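What follows is a set of notes on a single structure, which appears directly below.
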Amino acid sequence: MKNISTLFKLAFVVAAMGAIVSCGADNKTTTEDENGSYSSPVVSTELSRLKTQYRCESGSRFDLTFKTTAAISGGTLYGPFSTGRLSGTTSKTYIGMSGYNDFLVVNKVSGGYNVIMSMCPYGVLLKAGRRYSEFTADGGIYLNSTSTSGRKYGSAEGTDTHLVVEEYTSGSTRYPQDDVYTDFYPVP
């Protein structure tokens, strides 16, 4: 009888210690609204700072949002990706940047990942209002959770990302379907 009582007390102490330790954990999360914006002041501030620091050469950025329920393989996300976004709470954010100051933002949400491409305009090929039907990451998007320089996000590296640009007519000029290939690297 004494052994059962001792085991019960030991189990209670271990459970209580686990509860105390877990209460001190940093369980901060970020949620996205229906427009794919960030409601976390930390992530919003970081991304706004980056967009101000790395401006587009001309025009204003526009965002394209894709989603996937694929699992990561060896730290790399391959897709497939479809247009839209998954709802839910963001548990981790990864940001990458192209040589043209475009941003690739990957948010881990319950059930998958939301990928936001914040693109700088480029002639009629990349512009707000034009339709983009397909996004692939043939080389994958490597997600590194290690934050550097005190940043509140990890890095996203996507080599050979491919965006299909749909046919477009402006006035009497018809622009055929085209492709955009971009590589994304960790933010400097």
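The values are calculated or read from the model by the stated rules, or taken from the named source; none is laboratory data. Since the model is a prediction, treat every value here as computed from it, not as a measurement. Methodologically, a virtual Cβ is constructed for each residue, glycine included, from the backbone with ideal geometry; neighbour enumeration extends over all protein chains shown.
In table form, for the structure just shown:
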{"quantity": "Meets criteria (more than 16 Å from Arg55 (Cα to Cα) and touching a Lys or Arg at 6+ places or on another chain (Cβ under 6 Å)) for Asn107", "calculated": "no"}
{"quantity": "Some residue of segment 125-138 being surrounded by 15 or more Cβ atoms within 10 Å (Cβ to Cβ), among the β-branched types (Val, Ile, Thr) and touching a His at 6+ places or on another chain (Cβ under 7 Å)", "calculated": "yes"}
{"quantity": "Residue check, Asn101 part of a loop (DSSP other than H, G, I, E, B) and either among the charged types (D, E, K, R) or closer than 22 Å to Thr52 by Cβ (or both)", "calculated": "yes"}
{"quantity": "Pairs with Cβ under 6 Å, 6+ apart, first in segment 54-77 and within 21 Å of Glu134 (Cα to Cα) and at pLDDT 90 or above, second of a type in the set (A, V, I, L, M) and assigned to a loop (DSSP other than H, G, I, E, B)", "calculated": "Phe62/Ala128; Lys67/Leu86"}
{"quantity": "Residue list for segment 66-81, filter: in a strand (DSSP E or B) and surrounded by 14 or more Cβ atoms within 10 Å (Cβ to Cβ)", "calculated": "Phe66, Lys67, Thr68, Thr76, Leu77"}
{"quantity": "Selected residue (only one of Asn101, Asn107 is polar (S, T, N, Q) and under 30 Å from Thr169 (Cβ atoms))", "calculated": "Asn101"}
{"quantity": "Some residue of segment 69-76 being in contact with a Phe, Trp or Tyr (Cβ under 6 Å, 6 or more places away or on another chain), among the hydrophobic types (A, V, I, L, M, F, W, C) and closer than 23 Å to Lys152 by Cβ", "calculated": "no"}
{"quantity": "Tabulated pairs, segment 158-176, first free of Cβ contacts under 8 Å to residues at least 24 places away in the same chain and closer than 30 Å to Gly96 by Cβ, second among the charged types (D, E, K, R) and in a loop (DSSP other than H, G, I, E, B), C-beta under 7 angstrom, 6+ apart or interchain", "calculated": "Asp160/Asp138; Pro176/Glu167"}
{"quantity": "Given (1) touching a Phe, Trp or Tyr at 6+ places or on another chain (Cβ under 9 Å); (2) under 20 Å from Pro80 (Cα atoms), index of the condition Thr169 fails", "calculated": "(2)"}
{"quantity": "Complete set of residues in segment 139-152 that are within 14 Å of the chain's Cα centre (by Cα), of a type in the set (Gly, Ala, Ser) and surrounded by fewer than 17 Cβ atoms within 10 Å (Cβ to Cβ)", "calculated": "Ser145"}
{"quantity": "Residue count, segment 49-65 (criterion: of a type outside the set (A, V, I, L, M) and assigned to a strand (DSSP E or B))", "calculated": "3"}
{"quantity": "Matching residues in segment 77-118 - criterion: being among the aliphatic types (A, V, I, L, M) and under 17 Å from Lys152 (Cα atoms)", "calculated": "Ile95, Met97, Leu104, Val105, Val106, Val109"}
{"quantity": "Search result, residues across segment 145-166 that are touching a Phe, Trp or Tyr at 6+ places or on another chain (Cβ under 9 Å) and β-branched (Val, Ile, Thr)", "calculated": "Thr159, Thr161, Val164, Val165"}
{"quantity": "Single match in Val180, Val115 (criterion: at pLDDT 90 or above and touching a His at 6+ places or on another chain (Cβ under 8 Å))", "calculated": "Val180"}
